[in-house]
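The structure appears right after this line, and notes come after that.
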Amino acid sequence: MYNYNMQLPQIQIGSRIVGGENPPLIIAEVANTHDGDPITARKMVDQIATTGVEAVKFQLHIAAAEMLPSHPKFKTQGKMSLSVKVLAELKSYAESKGLIFLCSPFSREAVDELDQMNVLAFKIGSGEVSDPDFMAHAASKGRPMIVSTGMAEEEEIDTAVDIMRKASVPFVILHAVSLYPTPYEKLYLETIAALRERYHVPIGLSDHTAEIYSSLAAMALRPAVIEKH
């Protein structure tokens, strides 16, 4: 049974206290739905800024650092992704709208670029959690980390948590199901409470459903973060 009287852990991202008794940090996930078009990406920031959410998240893909040139997705990845320069401009633009700018790196090189960009935190996708070298490199920057778990086994999450704790970086773990969209019978929202009990850190939800009701239901479990795709 969920313990509603438990003390909730918290961390700080910029000036925002995440977790504790605070409302969840709501992140609007853009990913690559801009199709590589900077104008579309900026319009999406405009729309997101009107919704009342606090953060917007993009992705930084550097094709040459992620895959061989012979890979079938090598060329399309470059066309669908935004450059470091464009993302830096979007960061300034999003912050001018009062939004926290977040971005997911998918390579060590992307981590370095985002660190130079002075992002407030790294959002780590679940596919990277199982790579200890990547996690150690990201944690070495000393920035807060928001870590999804949808594609990670329990042992892999344990390893990632050990890496972040040894680096003394604050972090949030997000329960996620890597199905797009996620069907209701696969949500397993109770994992939010289980992860909090196991790791004693702020826990949130990366919601891949096609509507908002799953995020609303998750509020009963007092998440620190809700990231909505």
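Some notes on this structure:
- Mean residue ellipticity (222 nm) of the chain, computed from DSSP H runs ≥ 4 via -39,500 (n - 2.57), nearest 500: -10000 deg cm²/dmol
- Listed pairs Lys85/Lys123; Lys97/Lys186; Lys91/Lys166; Lys91/Lys186; Lys123/Lys186 exceeding 26 Å between Cα atoms: Lys97/Lys186; Lys91/Lys166; Lys91/Lys186
- Lys/Arg +1, Asp/Glu -1 at C-beta; the chain dipole; positive extreme among Leu120, Leu205, Ser92: Ser92
- From the alpha carbon centroid of region 146-197 to that of region 82-100 is 27 Å.
- Solvent-free Debye scattering, log10 I(q)/I(0), computed from the Cα coordinates of the chain at q = 0.10, 0.14 Å⁻¹: -0.43, -0.87
- For Ser15 and Lys186, the FRET efficiency from 1/(1 + (r/R0)^6), where r spans their Cβ atoms and R0 equals 25 Å, is about 0.10.
- Each residue of region 8-14 was assigned a 3J(HN,Hα) from its phi angle through the Karplus curve 6.51 cos²θ - 1.76 cosθ + 1.60 (θ = phi - 60°); the sequence is 8, x, 8, 9, 10, 10, x Hz, with glycine and proline shown as x.
- Per residue accessible area in Å² of the chain, where ligands, DNA and RNA are left out and the probe is 1.4 Å: 49
- Relative contact order, percent, the chain [alpha-carbon distance under 8 Å, six or more residues apart]: 21
- DSSP loop GluC sites (Glu not before Pro) with at most 13 other Cβ within 10 Å excluded, longest remaining stretch of the chain: 22-152
- Theoretical FRET efficiency, 1/(1+(r/R0)^6), r = Cβ-Cβ of Asn22 and Asp46, R0 30 Å, to 0.05: 0.70
- Close amide H partners of Ile27, meaning residues 5 or more places away or on another chain with modelled amide H under 5 Å apart, are Ile226, Glu227, Lys228.
- Accessible area of region 103-229 belonging to carbon and sulfur atoms, whole % at 1.4 Å probe: 53
- Proximal charge balance of Val161 [Cβ under 11 Å; K/R count +1, D/E count -1]: -2
- Distances between placed amide hydrogens fall under 5 Å for Leu174 paired with Val147, Ser148, Thr149, Gly204, all partners being 5 or more residues away or on another chain.
- Segment Lys141-Leu8, length gained on full extension (0.36 nm per residue, minus Cα span): 45.3 nm
The values are calculated or read from the model by the stated rules, or taken from the named source; none is laboratory data. What you see is a predicted model, and the numbers here were worked out from it, not measured in a lab. Glycine also receives a Cβ, built like all others from the backbone with ideal geometry; neighbour counts cover every protein chain displayed. Heads up: the accessible areas ignore ligands, DNA and RNA and are worked out on the full protein's heavy atoms, side chains in. Shrake-Rupley method; radii C 1.70, N 1.55, O 1.52, S 1.80 Å.
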